[in-house]
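Presented below is the structure to which this report refers.
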Amino acid sequence: MFFKKREKEKTDAAFNGETPRAPRYTSLAMVSINGFEGQAVLRNVSIGGFCMESKTFADMDVLSSYTIRINPESSAGIGQFELTVEIRWIQSSPEKFSVGFKTIHGNSHLFEKYVRFLKEQRQMRAS
């Protein structure tokens, strides 16, 4: 006799009281933070935060706040902006330096515009 494995029911996040996770996007931007200046990959970008990856180490401390300056790619049509971020985690290896940021405050209008741009870019690539 065979028993079919029961699939877990998908629940609506609003129904079970959880806050739905915001969509996440990836970008390549010029970044300046605590002595680091250069091109970095921004991953999992959302209004709440993002991760930065580069090949260059930057001296930062977990749970500390920093001002980060982001200069998006020119196709975004968005000028440079600053955000205050809190470091949530840091991973460093000889190949890659990664850091997770939680956005605290900053030029939210430009950052929101940047997140919308990344969303549109992803939708265009998926089409």
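The values are calculated or read from the model by the stated rules, or taken from the named source; none is laboratory data. Since the structure is predicted, the reported quantities are computational estimates derived from the model, not experimental observations. For neighbour counting, all protein chains shown are included, and Cβ atoms are generated from backbone atoms with ideal geometry for every residue, glycine included. Note: areas computed on protein heavy atoms with side chains; ligands, DNA, RNA excluded. Shrake-Rupley method; radii C 1.70, N 1.55, O 1.52, S 1.80 Å.
Annotation: T103 fulfils all but one of (1) part of a loop (DSSP other than H, G, I, E, B); (2) surrounded by 12 or more Cβ atoms within 10 Å (Cβ to Cβ); (3) of a type outside the set (G, A, S); the unmet one is (1). Do we have S98 as free of Cβ contacts under 8 Å to residues at least 12 places away in the same chain, among the hydroxyl-bearing types (S, T, Y), within 17 Å of A29 (Cα to Cα) and out of contact with any helix residue (DSSP H, G or I) (no Cβ under 7 Å at 6 or more places or on another chain) here? For S98, the condition - free of Cβ contacts under 8 Å to residues at least 12 places away in the same chain, among the hydroxyl-bearing types (S, T, Y), within 17 Å of A29 (Cα to Cα) and out of contact with any helix residue (DSSP H, G or I) (no Cβ under 7 Å at 6 or more places or on another chain) - is not met. N71 passes every criterion in (1) at pLDDT 95 or above; (2) open to solvent by less than 40 Å² (accessible area, probe 1.4 Å) apart from (2).
Hey, among the residues in segment 21-47 that are in contact with a Ser or Thr (Cβ under 6 Å, 6 or more places away or on another chain) and assigned to a loop (DSSP other than H, G, I, E, B), which one's most open to solvent (accessible area, probe 1.4 Å)? Taking the candidates together, the pick is R24. For segment 48-68, a residue qualifies if it is open to solvent by 70 Å² or more (accessible area, probe 1.4 Å), modelled with pLDDT of 95 or more and not in a strand (DSSP E or B), and the qualifying residues are D61, V62, L63. Of all residue pairs spaced 6 or more apart or on separate chains, those with beta-carbon atoms under 8 Å, a first member in segment 35-58 that is free of Cβ contacts under 8 Å to residues at least 12 places away in the same chain and a second member that is crowded, with 16+ Cβ neighbours inside 10 Å and not charged (D, E, K, R) are E37/V31.
When we screen L83, L118 for residues that are part of a helix (DSSP H, G or I) and surrounded by 13 or more Cβ atoms within 10 Å (Cβ to Cβ), the only hit is L118.
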